[in-house]
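The values are calculated or read from the model by the stated rules, or taken from the named source; none is laboratory data. Owing to the predicted nature of the structure, the values given are computational and were not obtained by experimental measurement. Cβ sites come from the backbone with ideal geometry, for glycine too, and all protein chains shown count toward neighbours. Accessible surface areas use protein heavy atoms only, side chains included; no ligands, DNA or RNA. Shrake-Rupley method; radii C 1.70, N 1.55, O 1.52, S 1.80 Å.
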Amino acid sequence: MVAWLEKWGLPTDLAADSLRAIRWHDETVWHIAASQSRIDVCEYLKSKGMLDMIDEPVGAGCTPLHFATN
């Protein structure tokens, strides 16, 4: 997981608040993880209590679920 965060230039301290604030071209960490089928990252975000972000739309209204299915 740390390698994945580093690949995206994300903080590796894994603090939920720092991950929550990250946007990559308006996408949340959920969007990035879902688009790459990174279930391990999604499980980690869930374990950190970040489920409130799972339905957050970006741009054209796409949620992480939209990204996961493409």
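A compact table of results
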| item | result |
| --- | --- |
| Approximate shape of the chain as ellipsoid semi-axes (Cα gyration tensor, √5λ), whole Å, largest first | 17, 12, 12 |
| Cα centroid separation - the stretch 49-70 against the stretch 19-42, whole Å | 9 Å |
| Whole-Hz couplings from phi, Karplus 6.51/-1.76/1.60, listed for the stretch 29-37; x for Gly and Pro | 4, 4, 4, 5, 5, 5, 5, 9, 6 |
| In the stretch 7-41, trypsin sites (Lys or Arg not before Pro) in a DSSP loop with at most 13 other beta-carbon atoms within 10 Å | ARG23 |
| Gyration tensor (alpha-carbon) shape descriptor, the stretch 29-70, a/c threshold 1.5 | oblate |
| Magnitude of the charge dipole, the chain, Cβ model with Lys/Arg +1 and Asp/Glu -1, debye to 20 | 100 debye |
| Carbon and sulfur %, accessible surface of the chain computed with the full protein complex present, 1.4 Å | 56 percent |
